[in-house]
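*Asks:* First the structure, which I've put down as structure tokens, then a few questions once you've had a look.
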Amino acid sequence: MLHIRTSLPALLCTLCLSALPASGQTPKDAGILTLDSCRTMALRQGKTMAIAALERDKAHYNRQAARANYLPKVDFMGTYQRTDKQVSILSDEQQQTLSQMGSTLVGGMQQGIATSGLPESMQQMAAQILAANPELAPLLQQGQQMASQYGNLLAGQMAETMNRVGSGIVDAFDTDTRNLGIVSVMFTQPLYMGGKIRAYDRITRYSEELAGEKLRAEEQDIILNVDKAYWQVIALSNKLRIATAYRDMLKHLDEDVLKMIDEGVATRANELTVGVRLNEAEMTLMRVEDGLVLSRMLLAQLCGLDLQATPRLADETLEQIAVKIENVDGDVDHALANRPELRQLHLATDIYSQKMRIERAAMLPQLALTGGYMATYPALTNGFETRFRGMWNVGISLKIPIWHWGEGLNKVRAAKTETAIANLRMAEVSEKVELQVRQTAFAVNEANRKLQYAEKNLEKADENLRVARLGFAEGVVTTSDLLAAQTAWVGAQSDLVDARIDIMLTRAAYAKALGQGR
């Protein structure tokens, strides 16, 4: 009686993916895609790439805005206010005094005359005239009465006139500022700002370069993810072919065992053992198919295609893949010069150093040239006219910080600390980059050796399977030996697929470690 091994083939562990649910959806044909076309679509459709590109544009606009600080600025300002009271130059008492100054002045003069009478010289002259001409006494008395009447009339007219003059002066001092309007156009040209403007210009330039490096890093991440998804589909496509071939082998062997049972050279147990292996191969094939569907969905998502699309890849036939077997040394210097992460940290260090200059500039004098035109309503240049009038002006503005309780000095120290932290981070990341480059280079060289061993192993497995089939047909090789040869052949095929895919993945990882793009 023939004995067949009951242990599972090692290949089932290799081909068998985690149990994945079948999609149950009818796939749509997305055409034939190459690796470059997948990368291009992913870079064009990726949301993270779009965000990084917008951040770069934002940094560019910020730099343009910072460069405008070198140029003079012209600003317009207009304001209007309505108040319930107006500005008064004269007090209420002064206005009352000016309005009644005629009455006050004339009244004072009349009161003085009534109190002290006529001057003594005039009185003596009148007495002499009356002594010499007594007949003139009535006439003189009549003249005094007429002078008194006309004097009062003239005094009243004088008081009224002077009161009008005083009221006119009060009206002239009326400001009418309840409706106040101001319009100004200001011109400012910075002359010396302590280096702050130049530091801002450099910060925005470094920020723009940093955004570009971030975009490049996102591009490399997307390319690596697409490569992984692409070669995963390729690996599963070839393993699907191997799993199908293994299933067909077991079907053929199952038919041969049934014939051998009819001829009496095999038992029912042999047929059941082969049937169990056949069922396991069917389950493995189903899992590979499900994994392939989900892998295509992942690739479609990265490329911006419909999730139900089924992209067909140009390299799904493993024999068509041009595998480059060449050892690498691990160019650390190239990686340190081109890795976007290091470039970002270097630019961050430069930004912190410029920030320190800005904080130091706050402690230095600031000089600017100013000028402009200002108009007010009511006008101020010719009294308080109820019209817009203005004037030109030009000057120099100087600001010198004197004492701020050490605020600026502490800010400078904080900026220096940030710069030191950035330098330490860059040194730490440089060490990690060097380690990553050497690890990925080692992985590439190891994958090259594995491929050589896998190719040699497949040659031996092919020959072993050929000999086992001939021996089984001649009846000199048992079913167990044939199953072992088939298992070895499937394992060698799977190892060859893994070795070829490992070369592609390790080289993609090595290229990213070096900071290379496509």
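*Asks:* Look through 274, 288, 323 and report the one residue that is in contact with a helix residue (DSSP H, G or I) (Cβ under 9 Å, 6 or more places away or on another chain), surrounded by fewer than 19 Cβ atoms within 10 Å (Cβ to Cβ), touching a residue at least 60 places away in the same chain (Cβ under 8 Å) and of a type in the set (A, V, I, L, M, F, W, C). So that I can check it myself, show each step before the final result.
*Replies:* Numbers: 274 fails: surrounded by fewer than 19 Cβ atoms within 10 Å (Cβ to Cβ); 288 fails: surrounded by fewer than 19 Cβ atoms within 10 Å (Cβ to Cβ).
Step by step, each of 274, 288, 323 is checked, and only 323 is in contact with a helix residue (DSSP H, G or I) (Cβ under 9 Å, 6 or more places away or on another chain), surrounded by fewer than 19 Cβ atoms within 10 Å (Cβ to Cβ), touching a residue at least 60 places away in the same chain (Cβ under 8 Å) and of a type in the set (A, V, I, L, M, F, W, C).
*Asks:* In this structure, is residue 450 exposed (fewer than 14 other Cβ atoms within 10 Å of the Cβ) and touching a residue at least 24 places away in the same chain (Cβ under 8 Å)?
*Replies:* Numbers: exposed (fewer than 14 other Cβ atoms within 10 Å of the Cβ): no; touching a residue at least 24 places away in the same chain (Cβ under 8 Å): yes.
When the stated conditions are applied, residue 450 does not pass them.
*Asks:* Determine whether residue 331 is among the charged types (D, E, K, R) and in contact (Cβ under 8 Å) with a residue 24 or more places away in the chain.
*Replies:* On the way: among the charged types (D, E, K, R): yes; in contact (Cβ under 8 Å) with a residue 24 or more places away in the chain: yes.
In short, yes.
*Asks:* So in the stretch 394-441, with the set limited to residues that are assigned to a helix (DSSP H, G or I) and small (Gly, Ala, Ser), which one is nearest to residue 333 (Cα to Cα)?
*Replies:* Here is the first cut: in the stretch 394-441, the ones assigned to a helix (DSSP H, G or I) are 407-441.
Now restrict to residues that are small (Gly, Ala, Ser): 408, 414-415, 420, 422, 427, 430, 441.
Details: 408: 40, 414: 32, 415: 30, 420: 23, 422: 20, 427: 14, 430: 10, 441: 14 Å.
Filtering the stretch 394-441 for residues that are assigned to a helix (DSSP H, G or I) and small (Gly, Ala, Ser), the one nearest to residue 333 (Cα to Cα) comes out as 430.
*Asks:* With the requirement that a residue be surrounded by fewer than 21 Cβ atoms within 10 Å (Cβ to Cβ) and in a helix (DSSP H, G or I), what does the stretch 469-481 give you?
*Replies:* Keep residues of the stretch 469-481 that are surrounded by fewer than 21 Cβ atoms within 10 Å (Cβ to Cβ), which gives 469-478, 480-481.
Result: 469, 470, 471, 472, 473, 474, 480, 481.
*Asks:* Which condition number does residue 330 fail, the rest of (1) of a type in the set (Gly, Ala, Ser); (2) open to solvent by less than 20 Å² (accessible area, probe 1.4 Å); (3) modelled with pLDDT under 90; (4) assigned to a helix (DSSP H, G or I) being met?
*Replies:* Tallying (1) of a type in the set (Gly, Ala, Ser); (2) open to solvent by less than 20 Å² (accessible area, probe 1.4 Å); (3) modelled with pLDDT under 90; (4) assigned to a helix (DSSP H, G or I), residue 330 fails exactly one: (4).
*Asks:* Criterion first (modelled with pLDDT under 85 and of a type in the set (Ser, Thr, Tyr)) does residue 317 satisfy it?
*Replies:* Working: modelled with pLDDT under 85: yes; of a type in the set (Ser, Thr, Tyr): yes.
The answer is yes for residue 317.
*Asks:* Filter the stretch 158-209 for residues that are in contact (Cβ under 8 Å) with a residue 24 or more places away in the chain, within 18 Å of residue 387 (Cβ to Cβ) and open to solvent by 70 Å² or more (accessible area, probe 1.4 Å) and give the result.
*Replies:* Passing the criteria: 172, 173, 174, 178.
This table checks each residue for (1) farther than 30 Å from residue 57 by Cα; (2) at pLDDT below 85; (3) touching a Pro at 6+ places or on another chain (Cβ under 9 Å); (4) not hydroxyl-bearing (Ser, Thr, Tyr).
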| residue | (1), (2), (3), (4) |
| --- | --- |
| 208 | no, no, no, yes |
| 214 | no, no, yes, yes |
| 223 | no, no, no, yes |
| 235 | yes, no, no, yes |
| 238 | yes, no, no, yes |
| 284 | yes, no, no, no |
| 291 | yes, no, no, yes |
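*Asks:* Kindly provide the set of residues from the stretch 362-373 that are under 25 Å from residue 74 (Cβ atoms) and either open to solvent by 80 Å² or more (accessible area, probe 1.4 Å) or modelled with pLDDT under 90 (or both), ordered by number. I'd like the intermediate steps shown before the answer.
*Replies:* Going through the stretch 362-373, the residues under 25 Å from residue 74 (Cβ atoms) turn out to be 365-373.
Result: no residue meets the conditions.
*Asks:* Let me ask something else. Could you grab me the full set of residues in the stretch 221-255 that are more than 14 Å from residue 38 (Cα to Cα), among the small types (Gly, Ala, Ser) and open to solvent by less than 20 Å² (accessible area, probe 1.4 Å)?
*Replies:* Passing the criteria: 235, 237, 243.
*Asks:* Does residue 515 satisfy the condition of being touching a helix residue (DSSP H, G or I) at 6+ places or on another chain (Cβ under 6 Å), outside any helix (DSSP H, G or I) and in contact (Cβ under 8 Å) with a residue 12 or more places away in the chain? Please lay out each step first, then the result.
*Replies:* Values: touching a helix residue (DSSP H, G or I) at 6+ places or on another chain (Cβ under 6 Å): yes; outside any helix (DSSP H, G or I): yes; in contact (Cβ under 8 Å) with a residue 12 or more places away in the chain: yes.
In short, yes.
*Asks:* State whether the residues of the stretch 447-461 include one that is farther than 25 Å from residue 243 by Cβ and assigned to a helix (DSSP H, G or I).
*Replies:* yes
*Asks:* Another question, if that's okay. Mind counting the residues in the stretch 374-384 that are open to solvent by 50 Å² or more (accessible area, probe 1.4 Å) and assigned to a strand (DSSP E or B)?
*Replies:* First, the residues of the stretch 374-384 that are open to solvent by 50 Å² or more (accessible area, probe 1.4 Å): 374, 377, 380-382, 384.
Adding the requirement that they be assigned to a strand (DSSP E or B) leaves 374, 377, 381.
Residues in the stretch 374-384 being open to solvent by 50 Å² or more (accessible area, probe 1.4 Å) and assigned to a strand (DSSP E or B): 3 in total.
*Asks:* Going by the conditions given, is residue 394 open to solvent by less than 30 Å² (accessible area, probe 1.4 Å) and modelled with pLDDT of 90 or more?
*Replies:* On the way: open to solvent by less than 30 Å² (accessible area, probe 1.4 Å): no; modelled with pLDDT of 90 or more: yes.
In short, no.
*Asks:* The conditions are (1) in a helix (DSSP H, G or I); (2) touching a helix residue (DSSP H, G or I) at 6+ places or on another chain (Cβ under 7 Å); (3) open to solvent by 80 Å² or more (accessible area, probe 1.4 Å); (4) farther than 30 Å from residue 192 by Cα, and residue 307 fails exactly one of them. Which is it?
*Replies:* Only one criterion is unmet by residue 307, namely (1).
The values are calculated or read from the model by the stated rules, or taken from the named source; none is laboratory data. Predicted model only: the values in this text are computed from it and were never measured. Counting neighbours? That spans all protein chains shown, and the Cβs are built from the backbone with ideal geometry, glycine included. Each accessible area value is taken on the protein alone, full model and side chains, heavy atoms only, with ligands, DNA and RNA left out. Shrake-Rupley method; radii C 1.70, N 1.55, O 1.52, S 1.80 Å.
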